[in-house]
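Step one of this worksheet: look at the structure below.
The values are calculated or read from the model by the stated rules, or taken from the named source; none is laboratory data. What you are looking at is a predicted structure, and each value in this text was computed from that prediction instead of being measured. We place every Cβ from the backbone using ideal geometry, glycine too, and count neighbours over all the protein chains shown. Ligands, DNA and RNA are stripped out before the accessible areas are found, and what is left, the full protein with its side chains, is counted by its heavy atoms. Shrake-Rupley method; radii C 1.70, N 1.55, O 1.52, S 1.80 Å.
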Amino acid sequence: MELVGSPLTATYARPRSTPTKFLPAISTMASSYKNRFPYNPLPQSFSLPWMPSTYYKTAAMNPTLASFSRSSQGLTTSKMLPFVSNRTTLFTHYTPDDWYRSNLTNYKESETSRQNSERLRIDTSRLIQDKYQQTKKTQVESTRNLGERVNDIEFWKSELCHELDEMIRETNELTDMKKRLERALAETEAPLQVAQECLLHREKRMDIDLVHDDVEKQLFMEVDIIRSCQERMQRYLDKAKAQLASNRAAEHELEKDLASKQAAHRIDSKCHHLRNTSDGIGYYRGVERVDATITVPESWAKFTDDNILLSQSERAASAKLRDSIENLLVLTANEMWRQFNRVNVAFTNRIAETADAKSKIQTHLAKTLQEIFQIEMNIEAIRKAIRDKVPPLKVAQTRLDERTRRPNMELCRDPAQIRLVNEVHEIDETIQSLQQRLRDAENVLQMLVHSKSVLEHDLSVKANTLFLDQEKCMGMRKTFPSTVRLVGYY
């Protein structure tokens with residue numbers, strides 16, 4: 001709206017604020033009603049002393065003014081409101097309608113407040129009873145859940161204790177089996193050393209007797225078998241050590257889980273027996289917002305079940321390993337004994353063969369000596385025959401030489417000439433054949449002498465071989481661990 005005249009520099013009046021306490025306190029809980037139904041404060045812009053239009057616009061209240069007469073047009077400001085002495089007084093007055101509306105509004109607000117209060121009292125009484133029953137039911141459920149939890153913990157405790165006892169027993173049995181395996185492995189060193197020493201002694205054989213015979217093959221096989229047995233024993237010994245470590249790890253997990261179960265059982269039993277009248281209960285502000293849990297019932301049960309399953313699988317693997325070690329000890333003992341017998345049989349056969357060869361060498365040596373004597377006599381006869389052919393050759397060649405001196409036409413190729421030439425050729429061929437035979441006889445003599453030397457050397461070689469095989473090797477092989485010691489017993 002637009003006013004006539006200039007605004008005054010006065011403080012503009014504004015309506016009084018609604019009192020904060022619209023009802024008197026009826027009990028000692030008067031403070032609880034404070035600001036329960038807050039009034040609507042005037043906006044901040046109303047407090048600004050700016051323009052009168054601001055008040056009307058903000059409060060949305062239009063005071064009733066006298067009608068504007070036409071006779072006032074063109075008059076000055078002082079003539080328009082001749083009976084108003086203070087403009088401020090005009091703006092602070094309300095109309096009767098405003099007064100009635102204000103009273104009605106207060107009546108309605110009072111009735112609404114009473115109704116709200118009555119509903120609040122009824123709802124509060126019902127809420128208190130409901131919350132009491134709910135709290136009691138919740139506590140009963142929590143107590144029942146704690147009891148079930150204690151029963152679950154007791155069940156898993158019994159399972160853990162049973163599995164722990166079984167695992168301890170299995171670990172002790174596997175430890176005893178490991179000790180047996182270690183003793184059996186130590187017992188294989190003596191047979192291996194004997195076989196290696198036999199091979200070393202047989203390396204002292206000489207010349208042709210240094211042969212890769214069946215004895216040496218069996219000795220090498222014995223060494224390989226013993227080493228193979230040692231490797232298998234060592235491999236199973238490593239497996240036993242690893243399995244013992246796994247058993248102890250599973251046992252440790254069981255013990256740790258059992259200790260946790262015992263602590264949880266103690267705590268949950270204490271919580272299960274707590275009542276509203278128990279000692280030691282108190283406020284722990286904010287504890288419900290602290291979630292320190294890391295599992296749910298499914299994962300909690302699965303954790304213990306996994307530990308038990310792991311222990312059972314380790315026990316099964318340990319029992320299987322014990323059976324394998326037992327079978328290995330029997331198998332390796334049988335293998336080493338069988339090979340030991342094969343080597344001894346090979347030694348016996350080889351010694352017999354060597355003794356037979358030595359006897360035959362002695363026989364052949366005697367025959368060779370006799371043959372040397374005979375060939376020497378033959379060589380001497382060949383030499384004498386060659387010497388006997390020299391005079392006839394000289395006669396034939398002298399005749400041919402003399403006939404070359406015949407004069408002129410007398411140089412005739414007559415039958416005498418032809419025969420003399422043939423005679424020289426025949427005597428030459430005879431001498432050459434005898435010389436060739438002499439060389440052959442001398443070669444045979446050399447061969448016989450060489451054979452004699454070889455037989456004599458071979459005879460000494462066979463004697464050396466018999467000494468090594470019969471005295472050295474078989475003497476060492478008289479001692480061999482028994483089967484009881486080879487399987488790990490004392």
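Pick from the range 276-318 the residues that are among the hydrophobic types (A, V, I, L, M, F, W, C) and touching a residue at least 12 places away in the same chain (Cβ under 8 Å): which of them is most open to solvent (accessible area, probe 1.4 Å)?
Among those that are among the hydrophobic types (A, V, I, L, M, F, W, C) and touching a residue at least 12 places away in the same chain (Cβ under 8 Å), it is Phe303.
The one condition from (1) of a type in the set (A, V, I, L, M); (2) over 18 Å from Ala381 (Cα atoms); (3) open to solvent by 50 Å² or more (accessible area, probe 1.4 Å) that Val444 does not meet is (2).
Take Glu335 and decide whether it is in contact with a helix residue (DSSP H, G or I) (Cβ under 6 Å, 6 or more places away or on another chain), touching a residue at least 24 places away in the same chain (Cβ under 8 Å), closer than 30 Å to Phe155 by Cβ and acidic (Asp, Glu). Spelling it out, it is not the case that Glu335 is in contact with a helix residue (DSSP H, G or I) (Cβ under 6 Å, 6 or more places away or on another chain), touching a residue at least 24 places away in the same chain (Cβ under 8 Å), closer than 30 Å to Phe155 by Cβ and acidic (Asp, Glu). Does any residue in the range 130-159 that is under 15 Å from His272 (Cβ atoms) come within less than 9 Å, Cβ to Cβ, of a residue that is open to solvent by 80 Å² or more (accessible area, probe 1.4 Å) and in a helix (DSSP H, G or I) six or more places away or on a different chain, and which pairs are these? Close Cβ pairs satisfying both conditions: Arg149/Pro297; Asp152/Pro297; Ile153/Gln262.
Name the residue, out of Leu258, Leu321, Leu331, that is surrounded by 12 or more Cβ atoms within 10 Å (Cβ to Cβ), in contact with a Leu (Cβ under 9 Å, 6 or more places away or on another chain) and under 30 Å from Pro481 (Cα atoms).
On inspection, the qualifying residue turns out to be Leu321.
Put simply, of Gln397, Gln370 the only residue that is free of Cβ contacts under 8 Å to residues at least 60 places away in the same chain, in contact with a helix residue (DSSP H, G or I) (Cβ under 7 Å, 6 or more places away or on another chain) and open to solvent by 70 Å² or more (accessible area, probe 1.4 Å) is Gln397.
From the set of residues in the range 256-275 that are touching a residue at least 60 places away in the same chain (Cβ under 8 Å) and among the polar types (S, T, N, Q), which is farthest from Asp305 (Cα to Cα)?
Filtering first and then ranking leaves Ser269.
Is it fair to say Glu326 is part of a helix (DSSP H, G or I) and open to solvent by 70 Å² or more (accessible area, probe 1.4 Å)? It is false that Glu326 is part of a helix (DSSP H, G or I) and open to solvent by 70 Å² or more (accessible area, probe 1.4 Å). Determine whether Glu298 is assigned to a helix (DSSP H, G or I) and not assigned by the TED database to the domain that holds Glu166. So Glu298 fails the test.
Restricting Asp268, Asp279, Asp291, Asp238 to those that are over 20 Å from Glu166 (Cα atoms) and within 22 Å of the chain's Cα centre (by Cα) reduces the list to Asp238. Under the condition of being part of a helix (DSSP H, G or I) and open to solvent by 10 Å² or more (accessible area, probe 1.4 Å), the residues counted in the range 172-206 number 23.
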